[in-house]
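The values are calculated or read from the model by the stated rules, or taken from the named source; none is laboratory data. Worth saying up front: this structure is predicted, and the values here are computed from it rather than measured. Every residue, glycine as well, gets a Cβ built from its backbone with ideal geometry; the counts of neighbours run over all protein chains shown.
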Amino acid sequence: MNGWAAKSALRFCGLVLLTGLFVAGCASTRNSKVALPRKHSLKADQLLIVSDFKIDSDHPLILDLLQLRKQVAQTLAMPLGTKQVMVYLFSTETQYKQYWEATYPGFPLRRAYFVQTPAKELAVYTAWSERVQEDLRHEFTHGLLHASLESVPLWLDEGLAEYFEVIGPTSGQVNPDYAHLLMTSVQNGWRPDMRRLETLEAVKEMQRADYREAWAWTHWMLHGSEEGRDVLLGYLRELRTNPNPGRLSDRILADVPTANERLVAYVTTLPSVSLMQVEATSERANNE
Ligand SMILES: [Zn+2]
């Protein structure tokens with residue numbers, strides 16, 4: 001299995017918007033094995049990282065997240081937020097797993113979680129791993145969105161987090177694995193449907209293909225259609241003050257009636273993993 005395929009198999013984020021009825025387990029107060037990290041904290045802009053190991057403020061991971069905050073604001077034409085996003089960064093995946101399963105029983109274990117409490121506290125939970133940068137980029141994006149917006153439709157929340165998690169000098173880098181799988185899906189007769197995505201109300205309802213489609217719609221709106229971009233940015237602007245602005249699909253289809261067909265055409269133009277592998281191979285050949 002190559003690296004991209006491995007990434008695809010593991011890419012699943014947890015997003016939990018807790019209601020007032022949710023009562024977190026209290027095991028964490030009785031069992032030291034499931035304690036939150038607490039020895040070190042690092043505050044930078046909206047980010048507050050708490051860990052049991054020291055991480056410097058000029059660590060590339062921190063600098064990347066601070067840059068991401070600016071990219072999110074700039075790309076989505078949102079003012080830079082001020083509300084704090086807490087990141088609990090466990091030293092090991094085992095510690096994270098023990099904490100999560102004791103504190104949030106019933107929520108399936110995922111590589112990382114973003115949790116918004118009824119008091120609108122925003123927290124990310126994850127562990128240091130070889131994928132920590134993309135996990136934190138993904139979850140911090142959820143945090144930044146929820147810090148500035150009254151609400152975000154689930155599929156769009158995930159589409160934007162998938163969009164911004166891709167590491168690169170600018171936002172909007174293509175996820176070549178997704179591009180490849182989307183192109184294959186199109187060849188097999190799959191067709192996108194934003195209205196179907198809008199019916200998904202819980203993370204557990206979202207399958208891997210839904211994350212890919214959410215990413216594709218987001219990428220198309222921001223890079224494949226000027227009308228789509230205007231509609232998305234207008235919708236996000238409204239979400240700053242109105243938690244129920246209606247369906248984004250109604251606005252997209254009103255302005256771009258052929259949006260579904262346009263997205264199909266768009267995904268077939270994206271550089272996919274197979275194409276990138278060919279290019280990397282020929283580049284290596286040229287350098288040898
Ligand atoms: Zn997510």
Those residues of segment 129-164 which are part of a helix (DSSP H, G or I), β-branched (Val, Ile, Thr) and either within 12 Å of the ligand (Cβ to nearest atom) or crowded, with 20+ Cβ neighbours inside 10 Å (or both) amount to Thr141
Listed by first then second residue, the pairs whose first member lies in segment 54-71 and is free of Cβ contacts under 8 Å to residues at least 12 places away in the same chain, whose partner is hydrophobic (A, V, I, L, M, F, W, C), with beta carbons under 6 Å and at least 6 positions apart or on separate chains, are none
If we keep just the residues of segment 102-120 that are aromatic (Phe, Trp, Tyr) and farther than 13 Å from His138 by Cα, which is farthest from the ligand (Cβ to nearest atom)?
Tyr104
Residue check for Val50: modelled with pLDDT of 95 or more, more than 16 Å from the ligand (Cβ to nearest atom), crowded, with 16+ Cβ neighbours inside 10 Å and hydrophobic (A, V, I, L, M, F, W, C):
yes
Looking across segment 236-265 at residues that are in contact (Cβ under 8 Å) with a residue 60 or more places away in the chain and in a helix (DSSP H, G or I), the single one that is nearest to Ser151 (Cα to Cα) is Leu239
Given the condition buried (at least 18 other Cβ atoms within 10 Å of the Cβ) and in a helix (DSSP H, G or I), answer yes or no: does some residue in segment 84-95 qualify?
yes
